[in-house]
Amino acid sequence: MAKEVIVSAIQASGNVHIGNYIGAIQQFVKLQDKYQGYFFIADLHALTEPQDPEKLRKQILDSAALYMACGLDPKEAVIFIQSQVPEHTELGWILNTITPLGELERMTQFKDKSKKRKNILAGLLNYPTLMAADILLYDADLVPVGKDQSQHLEFTRTVARKFNSKFGVTFKEPRALLKKEGALIMGLDNPSNKMAKSAQSPNNYIAILDEPNEIQRKIKIAVTDSGKEIKYDPVKKPAISNLLIIYSAMSGKSIKNLESKFKEKTYAEFKSSLADLLVEKLSPIQKEYKRLIENKGELLKVLNNGKEQAQKVARTTMLDVRKKIGLLCE
Ligand code: TYM
């Protein structure tokens with residue numbers, strides 16, 4: 001029987017952090033054997049924020065290297081760059097033509113991001129239709145993502161349904177796959193906001209490529225709560241609970257187990273142990289990342305191969321879509 005399909009991506013916006021790792025990449029790695037995975041670098045989505053072209057090119061390759069350094073295996077999963085499969089943009093456009101403006105204007109990410117800037121770009125508004133295209137092209141069953149992407153997944157299901165009822169059944173309605181714990185890692189400097197690449201202060205996140213002394217420093221100054229106990233209580237102790245979730249995801253130990261391990265310990269001791277753990281777990285990833293980035297030829301070969309595999313599927317889907325909506329296909 002054919003494997004079920006999973007599709008997911010990270011934006012090529014630099015500073016891939018442990019929120020991305022825990023919420024998304026850890027899931028990709030865990031699921032890659034059981035499912036047919038398509039994992040790509042969303043470089044076109046990164047363009048919805050101003051980017052320096054030279055830096056963007058580096059971020060794209062860096063993110064691809066990080067995928068593999070974190071354990072994605074090109075023998076198991078298809079790894080590619082979004083913009084190298086132009087069918088993403090084509091389907092994105094077509095989905096725009098059946099999407100009411102109001103649905104896009106209502107998206108939380110659009111509302112949040114557009115509040116922060118004067119000139120709101122159309123690309124930011126149309127972000128979800130491109131994301132829906134990314135997913136629907138590959139007939140995804142499941143989409144492993146962090147909680148911040150749930151609304152986009154709901155939108156994807158809605159637009160798939162709309163297309164199917166207008167033109168005949170074409171797309172599967174994919175489901176989001178969220179981690180029970182770790183689906184939303186909060187900022188180290190403020191546990192009421194999510195950890196985000198776009199955060200103003202780098203003290204908000206631990207980047208996967210942060211140096212050991214940087215990791216130690218950021219964890220040391222991470223916000224804590226009043227009281228002394230290391231206890232999971234997201235309402236009364238949001239900061240410590242967030243650090244416990246990070247500890248648990250990075251160590252594989254349960255939160256209960258960690259609460260008893262740190263029962264008699266101070267916040268400072270807990271944080272110091274967490275910093276050591278992060279350094280220990282991120283160092284091999286950083287080492288492998290460096291090796292991959294220094295062997296650019298090998299990396300490009302993987303991406304080229306991924307592009308070809310992805311495009312085979314994407315072309316078949318687009319031929320069907322083009323026929324159904326009435327474009328000339330001869
Ligand atoms: P991006 O690059 O913002 O984030 C990549 C993945 O990391 C998850 N994530 C988090 N998880 C837990 N805690 C956090 N603080 C945290 N921050 C981010 C995100 O939910 C995501 O799973 N729109 C997507 C990229 C994308 C995509 C797609 C994803 C484009 N096309 C198709 C899935 C399918 C994004 O901005 O990811």
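The values are calculated or read from the model by the stated rules, or taken from the named source; none is laboratory data. Model, not experiment: these values are computed from the prediction. Positions of Cβ are generated from backbone atoms using ideal geometry, with glycine treated the same way; all protein chains shown enter the neighbour counts. Just so you know, the surface numbers come from the protein's heavy atoms only, side chains and all, with ligands and any DNA or RNA stripped out. Shrake-Rupley method; radii C 1.70, N 1.55, O 1.52, S 1.80 Å.
Before moving on, here are some points about what is shown:
- Filter pass, N164 being modelled with pLDDT of 95 or more and surrounded by 20 or more Cβ atoms within 10 Å (Cβ to Cβ): no
- When each of L104, L91 is tested for being in contact with a helix residue (DSSP H, G or I) (Cβ under 8 Å, 6 or more places away or on another chain), without any contact (Cβ under 8 Å) to a residue 60 or more places away in the chain and either more than 10 Å from the ligand (Cβ to nearest atom) or not assigned by TED's automatic domain parsing to the domain that holds K166 (or both), the lone residue that passes is L104.
- When restricted to residues that are within 8 Å of the ligand (Cβ to nearest atom) and either open to solvent by less than 40 Å² (accessible area, probe 1.4 Å) or modelled with pLDDT under 95 (or both), segment 141-152 contains 6.
- Evaluation of Q36 against (1) within 10 Å of the ligand (Cβ to nearest atom); (2) touching a strand residue (DSSP E or B) at 6+ places or on another chain (Cβ under 7 Å); (3) open to solvent by 40 Å² or more (accessible area, probe 1.4 Å); (4) of a type outside the set (G, A, S) (one fails), failing number: (1)
- Complete set of residues in segment 114-140 that are part of a helix (DSSP H, G or I) and open to solvent by 50 Å² or more (accessible area, probe 1.4 Å): K115, A122
- Selection of segment 48-61 for residues being away from the ligand (no atom under 12 Å from the Cβ) and touching a helix residue (DSSP H, G or I) at 6+ places or on another chain (Cβ under 7 Å) yields L56, I60, L61.
Residues are listed down the side, and each one gets a yes or a no for (1) over 30 Å from G92 (Cα atoms); (2) touching a residue at least 60 places away in the same chain (Cβ under 8 Å); (3) open to solvent by less than 60 Å² (accessible area, probe 1.4 Å):
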{"site": "R175", "(1), (2), (3)": "no, no, no"}
{"site": "K180", "(1), (2), (3)": "yes, no, no"}
{"site": "S198", "(1), (2), (3)": "no, yes, no"}
{"site": "S201", "(1), (2), (3)": "yes, no, yes"}
